[in-house]
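All remarks here apply to the structure that follows.
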Amino acid sequence: PEDQREVIILRHYADLSFKEIASLTNCSINTALGRMRYGLINLRKMMTEKKIAL
């Protein structure tokens, strides 16, 4: 989902803190953390299904 994708990009590529991400996306820090967690879970699942290794 787009909200999870956005948090992953802001965290890993823009190197923002979860506090900064929460402020930018108008959500709580816990919501930003949850989006990151579920986003990474979904990303891992997609990579496993498509047999992509890094």
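Since every read-out is calculated from the coordinates, none of them should be taken as a lab result. A quick note: this is a predicted structure, and the numbers were derived from the prediction, not measured. Please note: Cβ atoms are built from the backbone with ideal geometry, for glycine as well, and neighbour counts cover all protein chains shown.
Observations
- Phi-derived couplings, Karplus 6.51 cos²θ - 1.76 cosθ + 1.60 at θ = phi - 60°, listed residue by residue for the stretch 28-44: 6, 4, 4, 5, 4, 4, x, 5, 5, 4, 5, x, 5, 4, 5, 5, 4 Hz, with x used for Gly and Pro.
- If R0 is taken as 22 Å, the Cβ-Cβ distance between residue 8 and residue 51 corresponds to a FRET efficiency of 0.60.
- Listed residues 25, 38, 54: farthest to the positive end of the dipole of the chain (Cβ charges): 54
- Point-charge dipole on Cβ atoms (K/R +1, D/E -1) for the chain, about Cα centre, debye to 20: 300
- Against the set (1) 11.7, 35; (2) 11.5, 33; (3) 23.0, 77, the structure's computed Rg and Dmax of the Cα atoms in Å falls on (1).
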